[in-house]
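Asker: So that we are looking at the same thing, I have put the structure below in structure tokens.
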Amino acid sequence: MPDPLPGAKTGTRATWHKDLPSGPRHDPAVLRVYAHDRFTFPVPDNHRFPLGKYALVRALIAANPDVTIEEGPPASWEDVARVHHPEWVRRVRYGLLDRREQAGLGLPWSPALVTRALHSCGSTTAAGRAALTDGVAAALGGGMHHAGYRLGRGYCTFNDVAIAIEALRSEGRVERALILDLDVHQGDGNAELYAGDPDTIVVSLHGARNYPFTRPPSDLDIDLPDGTGDAGYLEALDEALGFALAHGPYDLAVLIAGADPFAGDALGRLALTPEGLAERDRRAIGALRAAGIPVCVTLAGGYGRPLEATAAIHAATIAAAAACT
């Protein structure tokens, strides 16, 4: 049994103030997105992590008049500590990861990696706040769903989704939350962190024969066979949306819209086309907004080459979110 997530698993919540003021009003017809791509970190040549795609996504959406790009602020260490074990936080903060931890994370530790992780988490939190006032907002990254309470895994140092939800709960802005995970990999960190928490519903639609190979159960896991394709995927998505909406209402939904179900992705085998992925995003965001749920969109995985193809899929996700403002 994993240690409880402070607050979320023990049942302790901040005083509930859904209508707290949120500062100056923003035109909700323009999608706010939060970027952190300028905070890079060293990776070895030919490393699989697609560090360069984030700047490409920003460049692709920069000319969209329905989008405004802001730099995401860093999460505070207090924000991180609400979600992760103090020892994991300490080891990441001061570069104390052992060989096993480093291998599980899949990224070389550096001070720049820590800075990047904090800005990624802060971007998702900022997008969550914006979604509560605008209806939809997005982080140009995030979706770090493999990071659990005691460890980071699978390129995920900290869990930005949980950090955002718990930060907004601490402010009294959110009580019930939905995590709709459409990355090709099951979100084991989300499942672990929110096991037994009735106020957070975790729904994951992913490849059956893919990482991670040990999977704590989500509230709903839909395992899809290799080569599922657009039609089969969208049918499964409708099932997932039906389950999610039946377990509402929610004050916030976080959509993890990975590009890695794409047929050309190096780590995904579900064989979706760009058109199928665009329909996935329209259908998911549209259903959540039709139910009156604010949606925070994160981009998560995408490992296809060339990077421009993956960036185009992510940019289409942002366009779908902008169309729903």
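Bear in mind that the values in this text are calculations on the coordinates, not laboratory data. Since we're looking at a predicted model, the values are computed, not measured. Using ideal geometry, Cβ is built from the backbone for each residue, glycine included, and neighbour counts are taken over all protein chains shown.
Asker: Under unit Cβ charges (Lys, Arg +1; Asp, Glu -1), what dipole magnitude, rounded to 20 debye, does the stretch 218-309 have relative to its Cα centre?
Answerer: Here the size comes out at about 260 debye.
Asker: Just how far, in whole angstrom, is the stretch 62-133 from the stretch 211-250 if you go by their alpha carbon centroids?
Answerer: 26 Å
Asker: Still on this structure, please answer the following. Output the Cα-based Rg and Dmax of the chain in Å, rounding Rg to one decimal and Dmax to a whole number.
Answerer: Over the chain's Cα set, Rg and Dmax evaluate to 17.7, 49 Å.
Asker: So which residue, out of THR124, THR157, THR68, gets the largest mean-square fluctuation from a GNM of the chain using Cα contacts under 10 Å as springs?
Answerer: THR68
Asker: Okay, next question. Based solely on its DSSP helices, what 222 nm [θ] is calculated for the chain when runs of n ≥ 4 H residues each add -39,500 (n - 2.57) and the sum is averaged over all residues, nearest 500 deg cm²/dmol?
Answerer: Estimated from H runs of four or more residues: -11500 deg cm²/dmol.
Asker: While we're here: Roughly what % antiparallel, to the nearest 5, for the DSSP beta bridges in the chain?
Answerer: In the chain, approximately 5 percent of DSSP beta bridges are antiparallel ones.
Asker: Right, something else. Along Cα→Cβ, 7 Å out, is where each label goes; now give me the distance between the ones at GLU71 and ALA246 in nm to one decimal.
Answerer: It is 4.7 nm.
Asker: Oh, and also: Using the Karplus equation 6.51 cos²θ - 1.76 cosθ + 1.60 (θ = phi - 60°), what ³J(HN,Hα) coupling, rounded to whole Hz, does each residue of the stretch 264-276 give in order, writing x for Gly and Pro?
Answerer: x, 7, 6, 10, x, 10, 8, 6, 7, 8, x, 5, x
Asker: Nothing charged except the Cβ atoms of Lys and Arg (+1) and of Asp and Glu (-1): what's the magnitude of the dipole of the chain about its Cα centre? Round to the nearest 20 debye.
Answerer: Here the chain has a charge dipole of around 760 debye.
Asker: Given axes a ≥ b ≥ c from the Cα gyration tensor, I'd like to know whether the stretch 35-136 is rounded (a/c under 1.5), prolate (a/b larger than b/c) or oblate.
Answerer: Here the stretch 35-136 falls in the oblate category.
Asker: So what's the net charge close to LEU56: Lys and Arg +1, Asp and Glu -1, counting the other residues with Cβ under 11 Å from its Cβ?
Answerer: Every neighbour counted, the sum reads 0.
Asker: Among 200-209, 54-63, what's the highest-first ranking by average C-beta atoms within 10 angstrom per residue?
Answerer: Taking the mean over residues of other Cβ atoms within 10 Å, the ranking is 200-209, 54-63.
Asker: From the residues THR40, GLY258, GLY141, which one has its Cα farthest along the dipole of the chain in the positive direction, the dipole being from +1 and -1 charges on Cβ of Lys/Arg and Asp/Glu about the Cα centre?
Answerer: It is THR40.
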